[in-house]
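Trainee: This is the structure I have questions about; it appears just below.
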Amino acid sequence: MPVDRGSAERTEAAAGDSTTIRTNVAQGERESLIGLTRDELAERLQAVGVPEDRLRMRAKQLWHWMYHRGAVEFGAMTTIGGALRAALAERYTLARPEVAAEQRAADGTRKWLLRFADGREVETVYIPEEDRGALCISSQVGCTLSCTFCHTGTQRMVRNLEAGEIVAQFLVARDSYGEWPSPRGQRLLSNIVMMGMGEPLFNYDNVAKALRIVMDPEGIALSRRRITLSTAGVVPMIERCGAELGVGLAVSLHAVRDDLRDELVPINRKYPIAALLDACRRYPGASNARRITFEYVMLKGVNDSEADARALVRLIAGIPVKLNLIPFNPWPGAPYECSAPEAIERFAAIVNRAGYAAPVRVPRGRDIQAACGQLKSASVPRARRREAVPQAVSAPAA
């Protein structure tokens with residue numbers, strides 16, 4: 001076959017058709033197929049010469065191998081002909097992000113520092129239970145919010161993660177635990193919590209795209225009931241999230257007065273408590289069977305009084321909710337201390353007597369800085385030395 005400007009053509013015979021496969025062997029970065037929709041996969045297939053009447057079938061095959069079988073290279077896709085596999089391998093990649101570091105806590109919690117193609121890094125945490133576990137996934141490199149009790153908040157915003165970078169965090173964990181093909185029943189990676197670095201609703205389009213891939217029944221097939229998205233209170237996006245994704249909602253409340261929440265969670269200055277609670281009351285699908293979780297970090301002498309507990313009960317009246325009381329997890333230079341166990345017990349008792357579940361979260365992974373509020377990567381210091389940091393992403397329009 002003649003070669004023209006670094007491209008080659010060959011006929012796909014192994015698959016039983018006469019597809020002319022176009023390959024691109026020019027130098028440059030290969031595009032990752034992870035995080036693309038089926039339609040986008042079809043476009044990439046068309047770019048290598050797959051005829052239109054076979055695009056849907058081939059895209060379905062790719063999807064199956066990527067998200068049900070967990071393939072990390074095209075050569076493993078035995079239901080796809082060799083010429084097409086070679087063409088895909090020349091243009092595209094299924095590579096995971098680099099595991100820059102991995103730590104394991106005494107309690108079994110596992111943390112990965114993942115480095116993406118541009119050198120940016122995020123942390124992803126797996127929190128195991130006896131026969132299952134939750135993967136805590138990041139949505140941004142850094143964070144826009146600067147919540148004063150959160151270590152991630154001390155790292156300024158670098159950029160949003162792409163959908164493929166969000167999905168890839170789950171794939172890395174699946175690879176580590178060998179859960180391929182996707183289990184039909186019991187699985188160790190049973191839940192996802194979008195509670196890692198960043199504010200998911202400030203990166204809604206990429207988060208939504210990633211979660212749709214994770215929930216797709218022909219791939220990873222994780223039920224929406226096993227996914228929880230946590231927000232600090234991006235009010236205009238909350239109802240949309242419930243209507244379009246139907247995942248569980250967790251809200252980082254942490255205070256019962258606007259003046260205090262303005263300090264702890266600065267986005268409260270734009271979306272105060274009353275507006276946030278109103279959005280929670282309207283959250284699609286919320287019911288006593290599927291309650292919204294309000295997260296409340298216990299800070300000594302700041303928000304842990306009995307008066308605070310009684311005010312909290314009044315605030316949440318009429319909302320199908322459970323409280324998650326989180327003992328503050330310290331980090332280097334933190335300006336707060338954890339509430340005393342007795343104060344947490346008194347606080348929980350008041351909420352329980354009012355008829356609300358208020359479990360106290362058992363800290364997990366503290367010894368490797370993997371507990372709630374402790375995540376932070378080294379991307380920003382490196383970025384300052386290398387290049388200017390991109391401007392933080394603003395809140396999406398309502």
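The values are calculated or read from the model by the stated rules, or taken from the named source; none is laboratory data. Remember, predicted model here, so these are calculated numbers, not experimental data. Don't worry about glycine lacking a Cβ; one is built from the backbone with ideal geometry, like all the others, and counts go over all protein chains shown.
Trainee: Taking only region 331-348 into account, find how many residues are surrounded by 15 or more Cβ atoms within 10 Å (Cβ to Cβ), more than 20 Å from SER230 (Cβ to Cβ) and not hydrophobic (A, V, I, L, M, F, W, C).
Mentor: Total satisfying the criteria: 2.
Trainee: Report, ordered by the first and then the second residue, all pairs with beta carbons closer than 7 Å, sequence separation of six or more or different chains, a first member in region 59-70 that is more than 15 Å from ALA89 (Cα to Cα), and a second member that is among the hydrophobic types (A, V, I, L, M, F, W, C) and modelled with pLDDT under 95.
Mentor: Between residues of region 59-70 that are more than 15 Å from ALA89 (Cα to Cα) and residues that are among the hydrophobic types (A, V, I, L, M, F, W, C) and modelled with pLDDT under 95, there is no close pair.
Trainee: Further question on the same structure: Would you mention how many residues in region 309-330 are buried (at least 17 other Cβ atoms within 10 Å of the Cβ) and either assigned to a strand (DSSP E or B) or in contact with a Gly (Cβ under 8 Å, 6 or more places away or on another chain) (or both)?
Mentor: Result for region 309-330: 8.
Trainee: Please count how many residues of region 238-270 are touching a strand residue (DSSP E or B) at 6+ places or on another chain (Cβ under 7 Å), over 17 Å from SER305 (Cα atoms) and assigned to a loop (DSSP other than H, G, I, E, B).
Mentor: Applying the first criterion (touching a strand residue (DSSP E or B) at 6+ places or on another chain (Cβ under 7 Å)) to region 238-270 yields 238, 241-242, 247-254, 265.
Pick out the ones that are also over 17 Å from SER305 (Cα atoms) and you get 238, 241-242, 247-252, 265.
Next, from what is left, pick out any that are assigned to a loop (DSSP other than H, G, I, E, B): 247, 265.
Number of matching residues: 2.
Trainee: Among the residues in region 214-228, are any assigned by TED's automatic domain parsing to the domain that holds ILE316, under 30 Å from SER182 (Cα atoms), at pLDDT 95 or above and assigned to a strand (DSSP E or B)?
Mentor: yes
For (1) buried (at least 19 other Cβ atoms within 10 Å of the Cβ); (2) of a type in the set (S, T, N, Q); (3) modelled with pLDDT under 95, each residue gets a yes or a no:
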site	(1), (2), (3)
TRP63	yes, no, no
ILE80	yes, no, no
ARG85	yes, no, no
GLN103	no, yes, yes
GLY108	no, no, yes
GLU130	no, no, yes
LEU135	yes, no, no
CYS147	yes, no, yes
THR154	no, yes, yes
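Trainee: Quick one: in region 284-303, which of the residues that are among the hydrophobic types (A, V, I, L, M, F, W, C) and in a strand (DSSP E or B) is surrounded by the most Cβ atoms within 10 Å (Cβ to Cβ)? Walk me through how you get there before you give the answer.
Mentor: Kept after step one, since they are among the hydrophobic types (A, V, I, L, M, F, W, C), are these residues of region 284-303: 286, 289, 292, 294, 297-299, 302.
Subsequent filtering for residues that are in a strand (DSSP E or B) retains 292, 294, 297-299.
Details: ILE292: 23, PHE294: 26, VAL297: 28, MET298: 25, LEU299: 23.
The residue in question is VAL297.
Trainee: Here's a follow-up. For region 228-246, which residues satisfy the criterion of being within 20 Å of CYS150 (Cβ to Cβ) and over 14 Å from the mean Cα position of the chain (by Cα)? Spell out how you get there, then give the answer.
Mentor: Here is the first cut: in region 228-246, the ones within 20 Å of CYS150 (Cβ to Cβ) are 228-235, 237-238.
Those that are within 20 Å of CYS150 (Cβ to Cβ) and over 14 Å from the mean Cα position of the chain (by Cα): ALA232, GLY233, VAL234, VAL235, MET237, ILE238.
Trainee: Is it true that CYS143 is crowded, with 19+ Cβ neighbours inside 10 Å, in contact with a Cys (Cβ under 9 Å, 6 or more places away or on another chain) and over 24 Å from MET66 (Cβ atoms)? Write out each step before concluding.
Mentor: Working: crowded, with 19+ Cβ neighbours inside 10 Å: yes; in contact with a Cys (Cβ under 9 Å, 6 or more places away or on another chain): yes; over 24 Å from MET66 (Cβ atoms): yes.
Against the criterion (crowded, with 19+ Cβ neighbours inside 10 Å, in contact with a Cys (Cβ under 9 Å, 6 or more places away or on another chain) and over 24 Å from MET66 (Cβ atoms)), CYS143 qualifies.
Trainee: For region 68-128, which fully contained strands (runs of 3 or more DSSP E) count at least 3 residues that are aliphatic (A, V, I, L, M) and closer than 30 Å to HIS151 by Cα? So that I can check it myself, show each step before the final result.
Mentor: Details: elements: 98-104, 110-115, 121-128.
Fully inside region 68-128 and qualifying: 98-104, 121-128.
Table: residues versus (1) in a strand (DSSP E or B); (2) aliphatic (A, V, I, L, M); (3) at pLDDT below 95; (4) surrounded by fewer than 21 Cβ atoms within 10 Å (Cβ to Cβ).
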position	(1), (2), (3), (4)
GLU165	no, no, no, no
ALA168	no, yes, no, no
LEU188	no, yes, yes, yes
GLY196	no, no, yes, no
LEU201	no, yes, no, no
VAL207	no, yes, no, no
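Trainee: Quick check on my filter: what residues within region 244-283 are in contact with a Ser or Thr (Cβ under 9 Å, 6 or more places away or on another chain) and surrounded by fewer than 19 Cβ atoms within 10 Å (Cβ to Cβ)?
Mentor: Within region 244-283, GLU263, PRO266 meet the criteria.
Trainee: Just to be sure I understand, how many residues within region 331-349 are in contact with a Pro (Cβ under 9 Å, 6 or more places away or on another chain), in a helix (DSSP H, G or I) and farther than 23 Å from VAL193 by Cβ? Let's see the steps before the verdict.
Mentor: Quick first cut of region 331-349, residues in contact with a Pro (Cβ under 9 Å, 6 or more places away or on another chain) only: 336-339, 341, 344, 348.
Next cut, in a helix (DSSP H, G or I) only: 341, 344, 348.
Add one more test, that the residue is farther than 23 Å from VAL193 by Cβ, and what stays is 341.
Summing the residues that are in contact with a Pro (Cβ under 9 Å, 6 or more places away or on another chain), in a helix (DSSP H, G or I) and farther than 23 Å from VAL193 by Cβ in region 331-349 gives 1.
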